[in-house]
Amino acid sequence: MKYSQLCHLVLLTLLLALAPLATHANVPANASAQGVHEFTLSNGMRILVKPDNRAPVVVSQIWYGVGSAHEHGGITGISHALEHMMFKGTARYPAGEFSRIIAEQGGRENAFTSRDYTAYYQLLAADRLEIALKLEADRMRNLTLPKDEFVQEMRVVKEERRLRTEDNPNALLFEQVNATAWLNSPYGIPVIGWMTDIEHYTIADMRDWYDRWYAPNNATLVVVGDVDPHAVYRMARRYFGPIKARELPEIKPRTETRQLGERRIIVRAPARVPAVLMGYKVPVLPTAGEDWEPYALLVAAGILDGGESARLARTLVREQELAAGAGAGYSPFNRLDTLFMLSASPSQGTSLADLEAALTESLERLKREPVSEAELERVKAQVVAREVYRLDSVEGQAMQIGMLEKVGLGWRTLDEIAERVRAVTAEQVQAVAQKYFDVDRRTVGWLEPLPIDPDNPPSTFEGHLR
């Protein structure tokens with residue numbers, strides 16, 4: 001298995017928001033939050049519009065403040081299942097009509113669920129925006145949840161879980177490590193849910209979740225593209241304004257219980273290669289006691305895994321030849337504390353114990369030795385470059401704006417990221433390494449391969465079943 005595949009499967013959740021960051025020069029136009037226009041309807045729905053007239057296109061996204069972190073035992077994964085059902089029709093637009101209409105207009109649409117939010121988006125020619133808003137407003141309150149569609153779509157969700165997790169050894173390792181790391185934080189819940197819960201959903205469960213969370217005062221409309229902000233506001237007010245606000249459930253803190261020692265787990269599953277996955281509990285921007293710490297952790301991840309010149313690739317893969325591939329991942333853009341992850345697959349003849357020791361030593365070096373100025377500046381430039389160029393598309397801009405809003409940071413954070421990363425010092429990187437990379441704060445998982453059934457090989461599925 002190629003290392004890029006390993007990282008994608010094992011670290012996907014944490015790397016989505018860590019994205020790539022550009023040097024001070026050649027920064028794309030529209031690569032900041034400047035120019036965002038903010039409106040609020042009388043029912044509490046927020047509207048954020050960022051004009052970008054480089055092409056006559058627009059992306060429209062509706063972000064609901066609900067995801068797997070709002071769930072509890074018995075209904076885990078229901079936010080994701082409801083995302084599927086949102087395409088199954090209203091009285092005005094029956095099942096399949098939403099997608100058919102968007103395709104007929106030359107657009108494309110989809111949706112995604114995460115820990116803290118569920119979002120629906122359309123990419124269209126700019127003069128077709130009103131169609132998307134009309135359709136989204138209709139399904140915000142008028143979902144019919146027909147029984148036959150529910151039964152069929154839950155089969156799809158179960159198959160998605162089998163393909164993406166249960167038949168995918170690296171995804172299975174990630175899920176098991178994550179569930180072991182968190183005792184009471186909802187981040188231990190897999191976004192897709194546990195199979196036993198999926199098998200026992202009812203239409204009543206789905207209706208209750210929809211009625212609780214799908215309301216204008218729990219939604220943010222993000223529009224980026226070749227549009228006039230005030231025209232977008234008028235359209236939004238026309239279609240979403242008549243929808244009444246609802247009383248939203250109280251969100252309990254669910255702060256994670258202090259970890260009192262290392263946790264370890266062995267996952268035995270059919271697989272081609274073994275793997276090690278290590279997660280250390282760390283703060284994020286909304287939870288950090290010192291606001292510079294998440295940026296220092298972000299730079300630390302770049303030092304370990306920022307391309308072929310980074311430490312893990314250089315030391316473990318090329319110099320010591322202990323690993324076929326190794327990586328690190330961290331995202332500061334979450335609502336609750338998260339995990340700083342390291343993963344690796346061993347080279348021929350290397351034991352998982354030796355590989356784990358080498359990963360641990362890479363963190364110990366960060367604790368012992370301040371990063372050189374040259375290495376620090378190179379890594380910071382890479383981190384900044386990735387984040388800036390990620391914002392070069394209308395979709396990238398809308399994604400970042402919506403995500404920052406829904407984790408409680410606010411879209412203005414976009415303009416702080418590059419500056420805060422550049423301000424990180426070698427002493428700060430060393431300080432967060434010493435503070436957080438503690439054996440007693442970590443969870444370690446080993447993937448020990450079982451023989452592969454030739455008639456049922458591990459899945460390589462990476463698509464979206466809907």
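Take the residues in the range 346-359 that are open to solvent by 10 Å² or more (accessible area, probe 1.4 Å) and touching a residue at least 60 places away in the same chain (Cβ under 8 Å), then tell me which one is farthest from P186 (Cα to Cα).
Per the criteria, the residue is P346.
When residues of the range 372-412 are filtered for being of a type in the set (G, A, S), within 17 Å of E38 (Cα to Cα) and open to solvent by 40 Å² or more (accessible area, probe 1.4 Å), how many remain?
Going through the range 372-412 one residue at a time, the tally reaches 1.
Quick check: is even one residue across the range 174-181 hydroxyl-bearing (S, T, Y), at pLDDT 95 or above, part of a helix (DSSP H, G or I) and touching a Lys or Arg at 6+ places or on another chain (Cβ under 6 Å)?
yes
Which residue is modelled with the lowest pLDDT, if the candidates are limited to the range 298-324 and must be in contact with a helix residue (DSSP H, G or I) (Cβ under 9 Å, 6 or more places away or on another chain) and of a type in the set (D, E, K, R)?
Among them, the one singled out is E308.
It is to be established whether one or more residues within the range 334-353 are assigned to a helix (DSSP H, G or I), on the phi < 0 side of the Ramachandran plot and among the charged types (D, E, K, R).
Taking every residue of the range 334-353 in turn, none turns out to be assigned to a helix (DSSP H, G or I), on the phi < 0 side of the Ramachandran plot and among the charged types (D, E, K, R).
If a residue must be part of a helix (DSSP H, G or I) and free of Cβ contacts under 8 Å to residues at least 24 places away in the same chain, how many such residues does the range 369-399 contain?
3
Quick one: T255 ticks every box in (1) surrounded by fewer than 18 Cβ atoms within 10 Å (Cβ to Cβ); (2) in a helix (DSSP H, G or I) bar one, so which box is it?
(2)
Within the range 283-321, which residues are outside any loop (DSSP other than H, G, I, E, B), open to solvent by 40 Å² or more (accessible area, probe 1.4 Å) and touching a strand residue (DSSP E or B) at 6+ places or on another chain (Cβ under 6 Å)?
The one that is outside any loop (DSSP other than H, G, I, E, B), open to solvent by 40 Å² or more (accessible area, probe 1.4 Å) and touching a strand residue (DSSP E or B) at 6+ places or on another chain (Cβ under 6 Å): V317.
The values are calculated or read from the model by the stated rules, or taken from the named source; none is laboratory data. Note that the coordinates shown come from a computational prediction; the quantities given were computed from them, not determined experimentally. No Cβ is skipped: glycine too gets one built from the backbone with ideal geometry, and neighbour counts run over all protein chains shown. Accessible surface is based on the protein model in full, side chains and every heavy atom, while ligands, DNA and RNA are left aside. Shrake-Rupley method; radii C 1.70, N 1.55, O 1.52, S 1.80 Å.
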